[in-house]
Amino acid sequence: MTRNRVLTEIQVVKDLAEISRTAAEMIIHQATAMETCGAPFTLALSGGSTPRMLHERLSHEPAVTRRVPWNNLHFFWGDERHVPPEDPQSNFRMARETLFASAPVPAPNIHRVPAEEPDAVVAAEKYERELRSFFNLKPGQWPRFDCVLLGIGADGHTASLFPATKALKETRRLVAANWVEKFQCHRITMTVPVLNQAAQVIFLVSGRQKAEILKAILEGDYRPDLLPAQLIRPVDGKLLWLVDEAAAGCLSDAIRQ
Ligand code: 6PG
């Protein structure tokens, strides 16, 4: 376990199955605690492939599924591709197939990004309004998610905050339509201030292909324009890097302790 300036923990576990089991237990524990005090538990999901096994563990394993307080869980997305919900690229579709299709999630608890909007800016504005209304925000206030799940790309991006993109500098909006040159398209992403307001941020990082970038993010120079994942530093919350042995392969012993 390592702690540095920001309340950061790095937990190295055996493999993706163990990442998924550990994250599932954390979510169940925190969501149940919120239910006990009558408050909804707000969870921002990540896209990509890494969270699939976590989703399936929560929704497909009876001994786990029955312990999840589904009525108390509200699902949001840290980012979304600018595609309709039925598109194979859609993060919502991935969650529908791996989580909602087999779990008793009340439909009003699913707050998806309206990414079918032809104009990505409009989609981002609509999702911002959804967040402002759900969290009942006054002007200038930020939403505080109970838990935000994030991944990292081999280029150091997280959510859809890609290197050298405009949204990295966003300080007012909750949600941005971020143009990503290499994909020649927009992505819709929660902004850094929103992600950093969370009570708990959990990075799920698995696989040898993430080892070099993980080392650069955690042990390298602070260059957030090139390594946007370095921007994630909760202002009043916990940051957990839940990584497997393969992804932790390049980390120094000091940081793994
Ligand atoms: C997305 C994600 C993105 C993802 C990383 C890692 O929409 O693609 O939100 O930030 O977490 O690209 O993706 P993998 O888990 O597939 O490696």
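Values quoted throughout were computed directly from the atomic coordinates according to the rules given, and no laboratory measurement underlies them. If you're wondering where the values come from, they're calculated on a predicted model, not measured in any experiment. In this analysis, Cβ positions are derived from the backbone assuming ideal geometry, glycine residues included, and neighbour counts consider all displayed protein chains.
Miscellaneous remarks
- For region 166-238, GluC sites (Glu not before Pro) are listed when DSSP marks them as loop and at most 14 other Cβ atoms sit within 10 Å of their Cβ; the list is empty.
- Of the GluC sites (Glu not before Pro) in region 1-104, the ones in a loop by DSSP (not H, G, I, E or B) with at most 12 other beta carbons within 10 Å are Glu86.
- Relative to the globular-protein estimate of 2.2 N^0.38 Å, the Cα radius of gyration of region 169-245 stands at 1.19.
- Beta bridges from DSSP with both residues in the chain: antiparallel share about 30 percent, rounded to the nearest 5.
- Relative frequency of Cα-Cα separations exceeding 21 Å in region 132-214, percent: 35
- The residues packed around Ala167, meaning those with a beta-carbon under 9 Å from its beta-carbon, carry a net charge of +3 if Lys and Arg are +1 and Asp and Glu are -1.
- Charge tally around Ala198: other residues with Cβ under 13 Å, Lys/Arg +1 each, Asp/Glu -1 each, net +1.
- Calculated FRET efficiency, Lys238 to Gln89, Cβ-Cβ distance, R0 = 22 Å: about 0.10 to the nearest 0.05.
- Reachable aspartates and glutamates, given that their alpha-carbon falls under 12 Å from the alpha-carbon of Lys14 and they are not under 8 places away in the same chain: Asp244, Glu245
- Relative contact order %, region 23-181, counting alpha carbon pairs below 8 Å whose residues are six or more apart: 24
- When the listed pairs Lys169/Lys210; Lys126/Lys210; Lys182/Lys238; Lys126/Lys182; Lys126/Lys166 are checked against a 23 Å cut-off, the alpha-carbon distance exceeds it for Lys169/Lys210; Lys126/Lys210; Lys182/Lys238; Lys126/Lys182.
- Projected area averaged over orientations for the chain, convex hull of C-alpha atoms, nm²: 12.9
- Convex hull of alpha carbon positions in region 38-147: directionally averaged projected area 7.3 nm².
- Compared with the alpha-carbon gap, the fully stretched path from Asp155 to Ser252 is longer by 32.9 nm at 0.36 nm per residue.
- Residues of type aspartates and glutamates that Lys138 reaches as a straight line, Cα spacing below 20 Å, ignoring anything fewer than 8 places off in the same chain: Glu125, Glu128, Glu130, Asp146, Glu170, Asp236
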